[in-house]
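Worksheet: one structure, shown below.
The values are calculated or read from the model by the stated rules, or taken from the named source; none is laboratory data. Just so we're clear, the structure is a prediction, and the values are computed from it rather than from any experiment. Here the Cβ positions follow ideal geometry from the backbone for every residue, glycine too, while neighbour counts run over all protein chains shown.
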């Protein structure tokens, strides 16, 4: 299987002024594309290792699969988690699920921003569904693949690698994450992801 860069569900200019056209082009067309290429290369190297029986580089390849594969997956969610005119608050079953796990939407937002802003170096803020207790959990991933819980299903992700925001927000990460949660989040997409995640058995 060969992985491909997914198209954006909106035009490059559509997220302005909260996400600039220049930054979106660079982030999607260059950085995400690099993770797709890295994942395909790692898959090919692992197939070659299996075919040859030479596993001397297997651990390095496994690391690349985790890094590039997680980077590709999280970015693919990230683009759909945003929309022009986004933000506001969730409703319906998503709002109910957030209330059950975090008390209310305001508490969730504060928790999500606190965890996301505190990521050391590069990483992601993640809201995930946890199948084994049917609850939601906020996680902070370092790089793409570190500090996770196995089996959870990400439904909302915020990229805090510097390439995701530095061109527009410089070193003001909290300004970027606040713009994301208040003006860009596509809560309909998050709700759809929650419905799909609930079909996963823990």
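Of all the criteria given as (1) under 14 Å from the mean Cα position of the chain (by Cα); (2) free of Cβ contacts under 8 Å to residues at least 60 places away in the same chain; (3) assigned to a strand (DSSP E or B), the one not satisfied by residue 136 is (1).
Let's see how each residue does on (1) surrounded by 15 or more Cβ atoms within 10 Å (Cβ to Cβ); (2) in contact (Cβ under 8 Å) with a residue 12 or more places away in the chain; (3) within 30 Å of residue 108 (Cα to Cα); (4) not assigned by TED's automatic domain parsing to the domain that holds residue 142:
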position	(1), (2), (3), (4)
49	yes, yes, no, yes
58	no, yes, no, yes
65	yes, yes, no, yes
68	yes, yes, yes, yes
86	yes, yes, yes, yes
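Residues that are more than 16 Å from the chain's Cα centre (by Cα) and crowded, with 19+ Cβ neighbours inside 10 Å within region 102-129 comprise 102, 108, listed in sequence order.
Regarding residue 171, is this residue outside the structural domain of residue 71 (by TED's automatic domain parsing) and outside any helix (DSSP H, G or I)? So residue 171 fits the description; yes.
So that you can scan it fast, the table gives a plain yes or no per residue for (1) at positive phi; (2) in a strand (DSSP E or B); (3) modelled with pLDDT under 95:
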site: 115; (1), (2), (3): no, no, no
site: 126; (1), (2), (3): no, yes, no
site: 132; (1), (2), (3): no, no, yes
site: 140; (1), (2), (3): no, yes, no
site: 151; (1), (2), (3): yes, no, yes
site: 154; (1), (2), (3): no, yes, no
site: 164; (1), (2), (3): no, no, no
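From the list 19, 12, the lone residue that is touching a residue at least 12 places away in the same chain (Cβ under 8 Å), in contact with a strand residue (DSSP E or B) (Cβ under 9 Å, 6 or more places away or on another chain) and within 21 Å of residue 168 (Cβ to Cβ) is 19.
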